[in-house]
Amino acid sequence: MSSKGITSRAENYSDWYNELVLRSNLADYSPVRGCMVIKPHGYAIWELMQRALDDMFKATGHQNAYFPTMIPESFLQKEADHVEGFAPQCAVVTHGGGKELEEKLYLRPTSETMIWHTYSKWVQSWRDLPILINQWANVFRWELRTRMFLRTLEFLWQEGHTAHATYDEAEQEALTILDIYRKFAEDWMAVPVIVGLKTENEKFAGADHTYCIEAMTQDLRAIQAGTSHHLGQNFAKAFDVTFQNQEGQLEHVYATSWGVSTRLIGTLLMAHSDDKGLVLPPRLAPVQVVVIPIGRDEQRVATVAAAHQLADELKVLGWGGVAVRVKVDDREKESPGFKYNHWELHGACVRVELGPRDLEAGACVVSRRDVGEKHAVALSEASGFIASELGAMQSSMLEVARKLREASTRRVDTWAEFLEVFAGEGGAGFVLAHWDGTKETELAISDATKATIRCIPLTPLDPSDNELGQCVMTGKPSARRVVFAKAY
């Protein structure tokens, strides 16, 4: 056990994660199995994610709307692959107002069917296209094994749904969103990702093809952090969404859908946090700076005043184009040591200690959460130094995560080595290996090792990855290497 009572990552990574979520006040269990209560500290992270992504979506022409939670059963049955893919995960409403419903209503596992029914009323002409809509919502999927933030029966997400006149326009949309997700993961979450294409077996139910971003956790498993789907004309044909093109001919529209969820919070924790608690990138930390005044009686009055003055300076100076999110912890009953531990657990990025002797010297002590080194800094220079530390921490966290991924990525060419790499229950990092392209081999590899094809990289991690080779299991010809890993 660590000094604060959290199971260490080395001892039991799963227990560490669950205890971290609870002890850092991100979430709590719900009386409904598989659901969770997101507490203010956890929801504050989601709000910061939401705000950043929403700005990115709107900058590329998207608008927000909202569609109903409940979907008629007949809607889901219109797209065969879609209903087959989601039926086992659906929660169904059979009674309302004390009476059995004439038609069952499904709590949305995703909104394609409801939205495409609506689009059929909105689209008549090429002039009505494109439709670029996103919604922030909750969805329901009846998961058997749940874990807070990573997989719950109900979760929060955004789902984009767009309609286009041509295949190429829809393809460009899917790739545009994919790049937004990549930038958000790397620039905001400080999590490097592999951008790629899902296999036919792993693509979204009802899609023509699915793109994804794949991240690596500290226990060397993969985690799917976002998906962008080119739906082709599948849903347009199922719901008869047609338009008259500029030549006066009737065509079905092309579609995309895409989404990320509160799963991103779980990804964030598993990528960065440690045995002391949360380590959050400054761009997504609810509290970026905590100032802790130290002292008693008159000394305390002076240090508290100086702490608030520094906090005000930070808010005015700002970082990343917004006011620094700063907290002065001037609680009287708690000791400085208690406060240090509290804010380490809750993920404050920078801690400032300000005692009577520091004040006399016109200085303060500054330490960064990710590295822990202490620096004595003149109060006159403190706000600028702290802002620079926030920037350095954001960059450093991405670099540390990238180095872990690079050190935990290998290329494997024989089945014997592949089996050895994935032996045991733990994660094994990313393995780049050749695959013959068949669903049968993909499933056989998964059955034998519990490793799945996470994606076919759009850009090879190394130029040699796109050279011809032989499937690691069957020895049959292979066009390129793909990414295998055990995943959450």
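In the set (1) under 30 Å from the mean Cα position of the chain (by Cα); (2) modelled with pLDDT of 95 or more; (3) small (Gly, Ala, Ser), Gly85 fails one condition alone, (2).
Suppose we filter Thr110, Thr146 for residues that are more than 19 Å from Ala236 (Cβ to Cβ) and hydroxyl-bearing (Ser, Thr, Tyr); which single one remains? Only one candidate passes the filter, namely Thr146. Beta carbons closer than 9 Å, at least 6 apart along the sequence or on distinct chains, pair a first residue in region 324-346 that is more than 23 Å from Ser383 (Cα to Cα) with a second that is surrounded by 20 or more Cβ atoms within 10 Å (Cβ to Cβ) and modelled with pLDDT under 95 for Leu345/Ile6.
Kindly indicate the residue of region 206-222 that is closer than 10 Å to Ala271 by Cα and in contact with a Ser or Thr (Cβ under 6 Å, 6 or more places away or on another chain) and also most open to solvent (accessible area, probe 1.4 Å) among those meeting that condition. Per the stated criteria, the residue is Leu220.
Do we have Glu84 as touching a helix residue (DSSP H, G or I) at 6+ places or on another chain (Cβ under 7 Å) and either exposed (fewer than 14 other Cβ atoms within 10 Å of the Cβ) or without any contact (Cβ under 8 Å) to a residue 12 or more places away in the chain (or both) here? No. If you go through region 273-327 and keep only what is of a type outside the set (D, E, K, R), closer than 21 Å to Asn341 by Cα, open to solvent by 20 Å² or more (accessible area, probe 1.4 Å) and under 32 Å from the mean Cα position of the chain (by Cα), you end up with Pro286, Val287, Val326.
Selection of first residues in region 22-39 that are closer than 23 Å to Glu344 by Cα and of second residues that are outside any strand (DSSP E or B) and of a type in the set (Lys, Arg), restricted to Cβ pairs under 6 Å at least 6 apart or on distinct chains, gives the following pairs, ordered by first then second residue: Asn25/Lys39; Ala27/Lys39. Entry remark, region 249-263: residues being open to solvent by 50 Å² or more (accessible area, probe 1.4 Å) and within 17 Å of the chain's Cα centre (by Cα) number 0 in total. Exactly one residue among Leu48, Leu22, Leu26, Leu101 is modelled with pLDDT of 95 or more, among the hydrophobic types (A, V, I, L, M, F, W, C), open to solvent by 40 Å² or more (accessible area, probe 1.4 Å) and under 20 Å from the mean Cα position of the chain (by Cα), and that residue is Leu22. Screening Arg410 with (1) in contact (Cβ under 8 Å) with a residue 12 or more places away in the chain; (2) closer than 24 Å to Gly318 by Cβ; (3) surrounded by fewer than 16 Cβ atoms within 10 Å (Cβ to Cβ) gives one miss only, at (2). Scan region 217-237 for residues that are within 19 Å of Trp126 (Cα to Cα) and either in contact with an Asp or Glu (Cβ under 7 Å, 6 or more places away or on another chain) or assigned to a loop (DSSP other than H, G, I, E, B) (or both) and the total you get is 5. Here the condition is being of a type in the set (A, V, I, L, M), in contact with a Ser or Thr (Cβ under 6 Å, 6 or more places away or on another chain) and at pLDDT 95 or above; of Leu156, Leu150, it holds for Leu156 alone. Looking only at region 328-358, count every residue that is open to solvent by 50 Å² or more (accessible area, probe 1.4 Å), assigned to a loop (DSSP other than H, G, I, E, B) and under 17 Å from His41 (Cβ atoms) and tell me the total. Qualifying residue count for the region: 1. Pairs linking a residue in region 204-222 that is in contact (Cβ under 8 Å) with a residue 24 or more places away in the chain and at positive phi to a residue that is of a type in the set (Asp, Glu) and crowded, with 24+ Cβ neighbours inside 10 Å, with Cβ atoms under 9 Å and 6 or more positions apart or on different chains, are Gly206/Glu112.
When Ala174, Ala170 are checked against the criterion of being touching a Pro at 6+ places or on another chain (Cβ under 9 Å), touching a residue at least 40 places away in the same chain (Cβ under 8 Å) and among the small types (Gly, Ala, Ser), a single residue qualifies: Ala170.
Scanning region 444-480 for residues that are within 19 Å of His209 (Cβ to Cβ) and out of contact with any Cys (no Cβ under 7 Å at 6 or more places or on another chain) gives Thr452, Ile453, Arg454, Ile456, Pro457, Leu458, Thr459, Pro460, Asn466, Ala479, Arg480. Taken together, Glu425, Glu417 contain a single residue that is open to solvent by 60 Å² or more (accessible area, probe 1.4 Å), of a type in the set (Asp, Glu) and modelled with pLDDT of 95 or more, which is Glu417. The set of residues from region 104-129 being closer than 30 Å to Arg51 by Cβ and either in a strand (DSSP E or B) or open to solvent by 70 Å² or more (accessible area, probe 1.4 Å) (or both) comprises Leu107, Trp122. Look at (1) more than 21 Å from the chain's Cα centre (by Cα); (2) free of Cβ contacts under 8 Å to residues at least 60 places away in the same chain and you find that Glu399 fails only one, number (1). Within region 471-488, the set of residues being under 15 Å from Val431 (Cα atoms) and free of Cβ contacts under 8 Å to residues at least 40 places away in the same chain comprises just one member, Cys471. Only one of the listed residues (Leu175, Leu156, Leu132) is open to solvent by 40 Å² or more (accessible area, probe 1.4 Å), within 27 Å of Phe67 (Cα to Cα), in contact with a strand residue (DSSP E or B) (Cβ under 9 Å, 6 or more places away or on another chain) and not in a helix (DSSP H, G or I). That residue is Leu156.
Considering only region 33-40, I want to know if a residue exists there that is at pLDDT below 95 and not hydrophobic (A, V, I, L, M, F, W, C). Yes; the residues of region 33-40 include at least one that is at pLDDT below 95 and not hydrophobic (A, V, I, L, M, F, W, C).
The values are calculated or read from the model by the stated rules, or taken from the named source; none is laboratory data. All values reported here derive from a predicted model rather than from experimental measurement. Every residue, glycine among them, receives a Cβ derived from its backbone with ideal geometry; neighbour counts consider all protein chains shown. Side chains are part of the model used for accessible areas, which takes the heavy atoms of the whole protein and leaves out ligands, DNA and RNA. Shrake-Rupley method; radii C 1.70, N 1.55, O 1.52, S 1.80 Å.
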